[in-house]
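Below: the structure, in structure tokens.
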Amino acid sequence: IANALAIQLNKIEAEKIKRVINATGVVIHTNLGRAPLSARAVERILQAAANCNLEYDLSTGKRGRRGAAAEKLVAELCKAEDALIVNNCAAANLLVLSTLAGGREVIVSRGELVEIGGDFRIPDVLAQSGAKLREVGTTNRTKISDFEKAIGAETAAILRVHQSNFRIEGFSSLPSVSETARLAKKYGLPLLWDAGSGALLDLAEYGISDEPRIAEIIEGGADIVTFSGDKLLGGPQAGLIVGKADLIGKIRRNPLYRAVRADKLTYAALEGTLFSYQFETAIEEIPALRAIALEPWEIDSRAESLIKRLKDKSSEFLSHKIEIRTKKGASAIGGGAAPTVRLETTLIAIKTPEINADSLLSELRKHDPPVIARIEDDEVVLDLRTVNKEDDRLVENAVFEIVSKAEVLTRP
Ligand SMILES: *Cc1c(COP(=O)(O)O)cnc(C)c1O
């Protein structure tokens, strides 16, 4: 009975939401809670956790608009007329399509009928919203004339979708934002743009050049743009809808909005995250952007000092029993953004005769706090790009404790 109880309790313990250290090098790791929040966002969440002015206007003492501050900030940063915040980008698309295209046709390129993962598929979301999918073009090429030929009495909107987690290379093309916007305007149709990852900054200098800024898509003439709060934006899970005020108004009045609206913690965390953009301190303050912007030499020097500290601490036996060294490697963006981008990094590679790579990986996972690493060429590798600098010590302690324990266990 005692054993059975212990097993159950351990299971409950392991399933509880707890903080883990992401040493995978995947910046926006979907399984690890996507974007880690900034200190500013966390501070705002603490404010909102108590009673707060979610729907209360402190100047008049009357009912106020939910999420007004965050929505104004989003609109401003995206150079859009208005904004609406919901639970996630899937909900945003569902709400937009059901409001503006329910029962009628939406034209989508065959090259953009994407699956994001976790069962999010554009054709399914369209079907769920009540809109009818009208596919045009081919997998690799869609011309503006393909869109134009499909426009008819049944057409409600043109939908463009960011390809997110894949790229078609070679003989491929799609019309630009402004070309598509001109066509939509000519026929009086709304141009809807599912941008997915939601970059607010130009990240080209960090090697990410295929993630257009939301403001650029708005400037290009899209009427409604939807994107996630917890991908490249670096905030909480949320779906952001920005664009024309009259359309946003309609979307806000859809009864479905009530079912997919965000909660107070989301608004608070978004406010905190967006303030960093407004203060132009996003790269320093938002962990996902900070990780992307880290220079390879910084990661290299942190990895080298971690190894040095480990070797100093563990004197003779560890240096015999554990082979720990740095090697060149690559970090990824993750979260369905910039799938072809590889950021140069330095990995810490660990090998021990006592513990094989799988067991070491699992020991790291069972550590408190869990350290999530990966295996490359039969070695456990840790990438400090996605670890907070202040947490290097925790990684070091985890490795030290696990390897020391193994030494004790195997000592004759
Ligand atoms: C990620 C993504 C979504 C889904 O966003 P969630 O916030 O995870 O619901 C929708 N569309 C695109 C293009 C995406 O990349």
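The values are calculated or read from the model by the stated rules, or taken from the named source; none is laboratory data. What you see is a predicted model, and the numbers here were worked out from it, not measured in a lab. Note that we place each Cβ from the backbone using ideal geometry, even for glycine, and neighbour counts take in every protein chain shown. Side chains are part of the model used for accessible areas, which takes the heavy atoms of the whole protein and leaves out ligands, DNA and RNA. Shrake-Rupley method; radii C 1.70, N 1.55, O 1.52, S 1.80 Å.
Residues that are open to solvent by 40 Å² or more (accessible area, probe 1.4 Å), over 20 Å from Ile122 (Cα atoms) and touching a Gly at 6+ places or on another chain (Cβ under 6 Å) within the stretch 147-185 comprise just one, Ser178. A single member of Ile116, Ile144 is open to solvent by 10 Å² or more (accessible area, probe 1.4 Å), of a type in the set (Val, Ile, Thr) and more than 12 Å from the ligand (Cβ to nearest atom), and it is Ile144. Entry remark, the stretch 379-398: residues being part of a helix (DSSP H, G or I) and out of contact with any Asp or Glu (no Cβ under 8 Å at 6 or more places or on another chain) number 12 in total.
Considering (1) open to solvent by 10 Å² or more (accessible area, probe 1.4 Å); (2) within 16 Å of the ligand (Cβ to nearest atom); (3) in contact (Cβ under 8 Å) with a residue 24 or more places away in the chain; (4) more than 24 Å from Ser173 (Cα to Cα), the lone condition that Ala92 does not fulfil carries the number (1).
The C-beta contact set for the stretch 335-362 (first residue without any contact (Cβ under 8 Å) to a residue 12 or more places away in the chain, second residue open to solvent by less than 50 Å² (accessible area, probe 1.4 Å), distance under 9 angstrom, 6+ apart or interchain) comprises Ser359/Ala406. Only one of the numbered conditions (1) over 15 Å from Leu189 (Cα atoms); (2) within 16 Å of the ligand (Cβ to nearest atom) is violated by Val108, and that is (1). If the condition is being touching a residue at least 12 places away in the same chain (Cβ under 8 Å), surrounded by 13 or more Cβ atoms within 10 Å (Cβ to Cβ) and not in a loop (DSSP other than H, G, I, E, B), then the stretch 36-73 contributes Arg40, Ala41, Val42, Glu43, Arg44, Ile45, Gln47, Ala48, Ala69, Ala70, Glu71, Leu73. Within 16 Å of the ligand (Cβ to nearest atom), assigned to a helix (DSSP H, G or I), in contact (Cβ under 8 Å) with a residue 60 or more places away in the chain and not basic (Lys, Arg): is that true of Leu97 in this structure? Taking the combined requirement at face value, the residue satisfies it. Within the span defined as the stretch 169-183, every residue fails to be at pLDDT below 95, closer than 23 Å to Glu115 by Cβ and within 16 Å of the ligand (Cβ to nearest atom).
Only a single item in (1) open to solvent by less than 10 Å² (accessible area, probe 1.4 Å); (2) away from the ligand (no atom under 14 Å from the Cβ) is not met by Leu233, and it is number (2).
Residues being within 16 Å of the ligand (Cβ to nearest atom), open to solvent by 10 Å² or more (accessible area, probe 1.4 Å) and either in contact with a helix residue (DSSP H, G or I) (Cβ under 9 Å, 6 or more places away or on another chain) or closer than 29 Å to Ile283 by Cβ (or both) are represented in the stretch 78-87 by at least one member. The single condition from (1) within 14 Å of the ligand (Cβ to nearest atom); (2) crowded, with 24+ Cβ neighbours inside 10 Å that Gly243 fails is (1).
Among the residues making up the stretch 186-208, a single one is touching a Gly at 6+ places or on another chain (Cβ under 7 Å) and under 23 Å from Arg104 (Cβ atoms): Leu191. Would you call Ile307 open to solvent by less than 20 Å² (accessible area, probe 1.4 Å), in contact (Cβ under 8 Å) with a residue 40 or more places away in the chain and assigned to a strand (DSSP E or B)? The answer is no for Ile307. One residue stands out in the stretch 207-230 among those that are more than 13 Å from the ligand (Cβ to nearest atom) and at pLDDT below 95: the one that is surrounded by the fewest Cβ atoms within 10 Å (Cβ to Cβ), namely Ser209.
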